[in-house]
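A short worksheet on the structure shown next.
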Amino acid sequence: MVRVSNKARLSAGIFGKVVLTALISSIAIVAIVLASYKPVYSVQIDGEFKGYVNSKVQLQRSIEEYLQQGDSEKVGYILLNSRPDYEFELVKKDVETKDEEILLGIKESCDVYYRVYAVNVNDEDVCLVESLADAQSIVDKVNDAQKKYTKKASVKISEQYKKEYDAVKDIQVAANDIIAPIKKENEAIVKKVQTYTSSKTVPQAILDALKSSDADLHFSLPVSSFVITSRYGWRRSGYHTGCDYAAPLGTPIHAIEDGVVTCAEWKGNYGYLVKIQHAGGFETYYAHCSRFACDVGDTVKKGDVIAYVGSTGNSTGPHCHLEIRYDGATIDPQTLASADNASI
Ligand SMILES: [Zn+2]
């Protein structure tokens, strides 16, 4: 049987009391601290103290949300220049926390890039709009207006990001500003073309001489680089009396044989048309030109530049419509005209 002495019992009792007292007083101290202090985070940006926040997690979340979405749908992206540093602290209960204010300050220090759309004319940005629909509307208006012109501008849209920008206020005014110089340029071309449109005629004697002379003709091609987009003969649209050589607007058109220019003027569906009378009763037509480089009565050599590729008259794109006629009747140009017959 183990006996515990009274003395031992007594000291155990004292020890227990001391521990209990210590515990109670610690709890009391913590309670007092908690009652007069609160846990916060101090925020520093670029080493500068900005204030205290209640929740580091909440502030971080708000910053991330702002960086992702901004506060407007026009925002393309946002750059945060410096991230905040946090430190845990216990401060007196009456110390103010400034969660909202600090978030606002961080937002204001960001670089905000807005998504805008530039309308680009011949590789140059001419105006900015805030929506793709507005940009498309300007492009449609310009393209619609320049349908009838020989020299068209290339109009495109590009998405861009700007910190500051001036958006156009009136779509129609913006479209008109783009159309005006295109119109002016085309009117200048028409004027130039019209100076060639003379009432001159080639003397009948010359034409008769050409028709009756012996023909040793070797027709070359009107443009040096091309894609044939429509051949001679029956097509869905009807009988095609020539062959279409598509080439970029302004490509030089060459006489395909020696001859005399008998027409350099507007001829309805042909648009601006050059006709050349060759020996032996042959005639060639070069249609839809953008402008002329010859005049009625000119004697031309094979290879001479007589006009430039256009899309005038009944045409859906820049090309040279070539016709070869014998005694007024059309012949398939591909049976006679060949690059092998080129003069150079
Ligand atoms: Zn044609």
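Using the crude model of +1 on Lys and Arg Cβ and -1 on Asp and Glu Cβ, and no other charge, please compute the dipole size for the chain relative to its Cα centre, in debye to 20.
Taking the Cα centre of the chain as origin, the dipole is about 1640 debye.
Where is the GNM fluctuation largest for the chain (alpha-carbon springs, 10 angstrom cutoff): Ala209, Ala28, Ala180? Highest fluctuation of the listed residues: Ala28. From most to least packed by mean Cβ count within 10 Å, the peptides 267-275, 282-290, 252-260 give 282-290, 252-260, 267-275. With a Förster radius of 41 Å applied to the beta-carbon distance between Val18 and Tyr86, the computed FRET efficiency rounds to 0.50.
Charge tally for Ala279 (other residues, Cβ to Cβ under 9 Å; Lys, Arg +1; Asp, Glu -1): -3.
Partner lysines whose Cα lies under 29 Å from the Cα of Lys17, excluding those fewer than 8 positions away in the same chain, are identified as Lys7. Kirkwood radius for segment 204-341, taken over all pairs of different Cα atoms as the inverse mean of 1/r, rounds to 14.6 Å. Grab the other residues whose beta carbon is less than 13 angstrom from that of Cys127, score K and R as +1, D and E as -1, and report the net. That works out to -3. Taking the dipole about the Cα centre of the chain, with the C-beta of Lys and Arg at +1 and of Asp and Glu at -1, give me whichever of Leu67, Val116, Pro39 is farthest to the positive side. Value computed over the given set: Pro39. Distance between the modelled labels on Asp295 and Ile27, one decimal in nanometres: 11.7 nm (7 Å Cα→Cβ projection).
Net charge near Ile63: determine it from the other residues with C-beta under 9 Å of the C-beta of Ile63, scoring Lys and Arg +1 and Asp and Glu -1. Summing Lys/Arg as +1 and Asp/Glu as -1 gives +1.
Close amide H partners of His240, meaning residues 5 or more places away or on another chain with modelled amide H under 5 Å apart, are Gly233, Trp234, Arg235.
Under the simplified labelling scheme, the Lys156-Ser237 pair shows an inter-label distance of 2.8 nm, with each label point 7 Å from Cα along Cα→Cβ.
Annotation for Ala342 and Ser11: the two label points, set 7 Å from Cα along the Cα-Cβ direction, are 12.0 nm apart. On the basis of the beta-carbon distance and an R0 of 25 Å, Asn122 and Ala167 show a calculated FRET efficiency of 0.70.
Look at the dipole of the chain built from charges on Cβ: of Pro203, Val19, Ser154, the Cα furthest out on the positive end belongs to Val19. Relative contact order for segment 204-341: 30 percent, from Cα pairs under 8 Å spaced at least 6 residues apart, divided by residue count.
Among the listed pairs Lys147/Lys169; Lys38/Lys98; Lys147/Lys184; Lys151/Lys184; Lys148/Lys183, those whose Cα-Cα separation exceeds 18 Å are Lys147/Lys169. Set the Cα radius of gyration of the chain against 2.2 N^0.38 Å, with N its number of residues, and you get 2.13.
For the pair Gln136 and Leu207, what calculated FRET efficiency results from E = 1/(1 + (r/R0)^6), where r is the Cβ-Cβ distance and R0 = 56 Å, to the nearest 0.05? About 0.55, to the nearest 0.05. Based on DSSP H segments of at least four residues, each scored -39500 (n - 2.57), the chain has a per-residue ellipticity at 222 nm of -10500 deg cm²/dmol.
Taken together, the values in this text are just the output of simple stated rules run on the coordinates, not laboratory data. These numbers come from a predicted model, not from an experiment. Please note: Cβ atoms are built from the backbone with ideal geometry, for glycine as well, and neighbour counts cover all protein chains shown.
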